[in-house]
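The values are calculated or read from the model by the stated rules, or taken from the named source; none is laboratory data. It should be emphasised that the depicted structure is a prediction, and the values quoted were computed from it without experimental measurement. Every residue, glycine among them, receives a Cβ derived from its backbone with ideal geometry; neighbour counts consider all protein chains shown. Side chains are part of the model used for accessible areas, which takes the heavy atoms of the whole protein and leaves out ligands, DNA and RNA. Shrake-Rupley method; radii C 1.70, N 1.55, O 1.52, S 1.80 Å.
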Amino acid sequence: MSCIHRRFTTGYSQKVISSHFLMKKTSRLVPSLLSALLASAFVIPVTLAAPAQSSSTTDNISNSMNNNSHPNTTSENMINKPPKNTDNLLISAVAWKQTAAEYKALYYQAFNMAKMQVDLALAKHKAGDKPLAVISDLDDTLLNASNYWGYMIAHNNAFFNDPIWDEWVPKNRYTATPGALDFVTYCQSKGVDVFYVSNRDQGDNTYEYAKGNLTHLGFPFVDKKHLIVQRDASNKEPAQHKIMQDYDVVVLLGDNLNDFQRKYYSQSVDERTRLMEEDKDLFGSKFILMPNPTDGHWIRAIFGESEPKDTPKNRQRFFDAATKSAWNGE
């Protein structure tokens, strides 16, 4: 992720089914059933309807979420309680990150593609050529912060919260994204350097926190040469170009278009798409993109800012974005 620290959230809106439409479809039902239907509410949340769960189901979900967590923490105790607000904009995105096998598979797919590019570069590499390297983002690329996002849901935060994030980062509760550690250690075994370029700001200890996040999970290349942390800039290109002076960079890894090129840093949804499509042949070869439905500069393109507030106006903007293309029912 390429914003400084600082993470963004996403969620989804609601879809309203008109009583007129439902009445047409149920006009042949028996009167008692029709009356019961008409007495019901016609708003069906797309986020999470918070269906009643048996205690065993709730326990299973809680246990699953806590598999990679540390015991006896406030956040984990809160996980065992039902959310106060099931209209939280983060719920669907965080549930997908926490539970979907497809989410994990996309990481394996990404690192498999990166490994293929490394192998191709190794096969072509000759004596006297620049040494090979990979440049990678950290958050949501190599490091998974699902534990933080779970805390956000448990404490009913609908958008990113900087103070909570800054408190969470040094706790080393990250996990490695699926396939990340295997890929980086594979590069190390083949003599391919991996450089970490991250934009973060947790104060004077920012660098040490990032270093601790990586070493805690066993990542190699955690030193001043390979770990670059930018506290006061979101543009990664100067650091990337400096590395490219001495290395043949095989691939760049990231979860945000801005992790690859500064030109994608646009406040227009359509412009970001146009710029990305100019480089469509680079994705899967030079640029390896990871999934991230909770934050990124796509949020900035919608709201005009990276960390929007949870206001009715911003919820309407989310709704408008989600219904940019919508069937009218006819």
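Odds and ends about this structure:
Results for (1) farther than 26 Å from A145 by Cα; (2) free of Cβ contacts under 8 Å to residues at least 12 places away in the same chain; (3) β-branched (V, I, T), shown as yes or no for each residue.
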residue: D223; (1), (2), (3): no, yes, no
residue: P238; (1), (2), (3): yes, yes, no
residue: D259; (1), (2), (3): no, no, no
residue: L289; (1), (2), (3): no, no, no
residue: D295; (1), (2), (3): no, no, no
residue: K313; (1), (2), (3): yes, yes, no
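- N156 passes every criterion in (1) closer than 27 Å to F195 by Cα; (2) touching a residue at least 40 places away in the same chain (Cβ under 8 Å) apart from (1).
- Index of the failed condition, H155 passing every other in (1) open to solvent by less than 20 Å² (accessible area, probe 1.4 Å); (2) over 16 Å from the mean Cα position of the chain (by Cα): (1)
- Test: residue in the range 190-204 that is at pLDDT 95 or above, in contact with a Gly (Cβ under 6 Å, 6 or more places away or on another chain) and crowded, with 22+ Cβ neighbours inside 10 Å: no
- Residues (of a type in the set (A, V, I, L, M) and touching an Asp or Glu at 6+ places or on another chain (Cβ under 8 Å)) located in the range 114-130: A121
- Counting only helices (runs of 4 or more DSSP H) that sit completely within the range 230-330, those holding 1 or more residues that are acidic (D, E) and either at pLDDT 95 or above or surrounded by fewer than 14 Cβ atoms within 10 Å (Cβ to Cβ) (or both) correspond to 237-246, 269-278, 312-322.
- Residue selected from the range 128-151 under the condition at negative phi and in a loop (DSSP other than H, G, I, E, B), by the criterion farthest from the chain's Cα centre (by Cα): D129
- Yes/no for D223 being under 18 Å from T177 (Cα atoms) and of a type in the set (D, E, K, R): no
- L120 modelled with pLDDT of 95 or more, under 23 Å from the mean Cα position of the chain (by Cα), aliphatic (A, V, I, L, M) and in a helix (DSSP H, G or I): no
- Members of the range 101-135 found to be aliphatic (A, V, I, L, M), open to solvent by less than 10 Å² (accessible area, probe 1.4 Å) and closer than 21 Å to Y148 by Cα, listed by number: none
- Residues of the range 171-206 that are over 21 Å from K97 (Cα atoms), assigned to a helix (DSSP H, G or I) and either free of Cβ contacts under 8 Å to residues at least 40 places away in the same chain or of a type in the set (D, E) (or both): T185, Q188, S189, T206.
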